[in-house]
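The values are calculated or read from the model by the stated rules, or taken from the named source; none is laboratory data. Computed from a predicted model, the values in this text were never measured in an experiment. Glycine gets a Cβ as well: all are built from the backbone with ideal geometry, and neighbour counts include every protein chain shown.
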Amino acid sequence: MIESQVPSGTNRIEADQAHKLPYYHEFDLSVLQRAIMSIAVIILTIFSIIGNVATLVVAIRSRKVRPLFRTCLFSLAFSDMISVMVTAVNYLTAFFSQIPQLWYLGPRLCHILPFFKIIGNLVNSATLVGISLDRYLSVRYAMKSSWEPGPKSCFLLAFAVWGVSIAIAVPSYTAYEHYQVNIIRTDKKNSSDPILVTTGFMCGAPKAVNARYYMTLFCILFFPMVVAFIWFNSFLALDIWKRRKGITSSADSSAAEIQKTSRDNNKEGTTDAQAQSTTNVSNTETNTGYKQTRANRERRQLRMFCVVILLIITYMILKLPEWIFLIATFYSRSRSQNPWLMQFAFGIVSMGSSVTNPLLYAFVTQTIEYLQDLYRSCQRLCCILCDRGTRALSSVIILPEPISDIQQISGNGR
């Protein structure tokens, strides 16, 4: 609630007449809350646009990218930019306005912004499932090489995904309306004062219609896509982990075969010193080569495993909370300002997915290298600080003087 001067268009009514009017309780955001959330939205929007534009550039210029993955990068980048820009416009308008729950963008954007928000979310989720499905089929049919769609098939598939998403989002365009409401203001210090009613406009749809529409989307589309995304990536992570163990066992068996061959040669009577030294050198080089190859492969496989697990974790953390909270608000009767604050918070968290998607799908190698360099830098910094702390501690603590050999002998003589 805002304790300030009442703007123009405010009417004074008695408290007993308030229940006869269609009203909404007003809530307010503190200056600190507005500043923190506004800065977070602006930073996430800037990084998201930069990352997704770079993704489009890579998808256009790179010749090594397969047609299906190129198409997925295009859909992912465009859907991320649509979602983050719609959310940024909606939230920044609320944060910089006097009454955050009122709508100040006019009747046209009241229909357009929810419509594009649904399109961006659906295309984004479907594209992530498509990428995980592509990797799953590539691993499963790696020996047959039978999974490689052409450019035309990829274009038709992307066209179908966008077309279906637009068709599904049409009800949100027609359901949302721009209507006039009365915002109730009460005085915190003295509840007996007359209630102040501020006239304004809101953008929304009937609660029953919204609940039915979003619950249908969640149960029929979004939740199955979440399950498919987690299942495909879990299978991929399990396969990578098995291959990592297979590499270790195969390398160990190869080394054992080499040692067995050398022992057989010695049993056959090969006593020439030169031949034996040559065999020992070749065995040493072979073992060293196998160990180096095994270590490199294990490192790559472990890195790929960690990347896939990171994809699952970020998807569940950044995507699921907003949808779950949105469904929960439709069946909640709370009129406090906490649901509004949580809605803003979960929406900002969801914007983080548009920042992490380019890093985890288009620039995953550069991201891993940067994280490794950052880890090494932090490790070196910690070592330097620990060394300085040890030196400072040793300079403060006075250690006892060592006992000489003569003192020890005299002491023993006593």
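Give me the pairs: first residue in the stretch 303-329 and within 20 Å of Phe235 (Cβ to Cβ), second residue among the basic types (Lys, Arg) and in a helix (DSSP H, G or I), beta-carbon distance under 8 Å, and six or more apart or on different chains, which are they?
Cβ pairs passing all conditions: Phe305/Arg244.
Before we move on, is Asp80 part of a helix (DSSP H, G or I), touching a Cys at 6+ places or on another chain (Cβ under 8 Å), on the phi < 0 side of the Ramachandran plot and assigned by TED's automatic domain parsing to the domain that holds Val161?
Answer is no for this residue.
Assuming Ile49 fulfils every condition listed in (1) of a type in the set (A, V, I, L, M); (2) in a helix (DSSP H, G or I); (3) without any contact (Cβ under 8 Å) to a residue 12 or more places away in the chain apart from one, which condition is it?
Ile49 satisfies every listed condition except (3).
Identify, by number, the condition in (1) assigned to a helix (DSSP H, G or I); (2) modelled with pLDDT under 80 that Arg333 doesn't meet.
(1)
Run Trp162 past the list (1) of a type in the set (Phe, Trp, Tyr); (2) surrounded by 19 or more Cβ atoms within 10 Å (Cβ to Cβ); (3) within 23 Å of Leu318 (Cα to Cα) and report the number of the one that doesn't hold.
(2)
Checking Met85 against (1) outside any helix (DSSP H, G or I); (2) surrounded by fewer than 20 Cβ atoms within 10 Å (Cβ to Cβ), which test does it fail?
The single condition Met85 does not satisfy is (1).
Quick grid of which residues meet (1) exposed (fewer than 12 other Cβ atoms within 10 Å of the Cβ); (2) at pLDDT 90 or above:
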| residue | (1), (2) |
| --- | --- |
| Val31 | yes, no |
| Ala35 | no, yes |
| Val41 | no, yes |
| Thr45 | no, yes |
| Ser48 | no, yes |
| Val53 | no, yes |
| Ala59 | no, no |
| Arg63 | yes, no |
| Arg66 | no, no |
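Output the number of residues of the stretch 157-194 satisfying the condition of being modelled with pLDDT of 70 or more and not aliphatic (A, V, I, L, M).
Of the residues in that region, 14 qualify.
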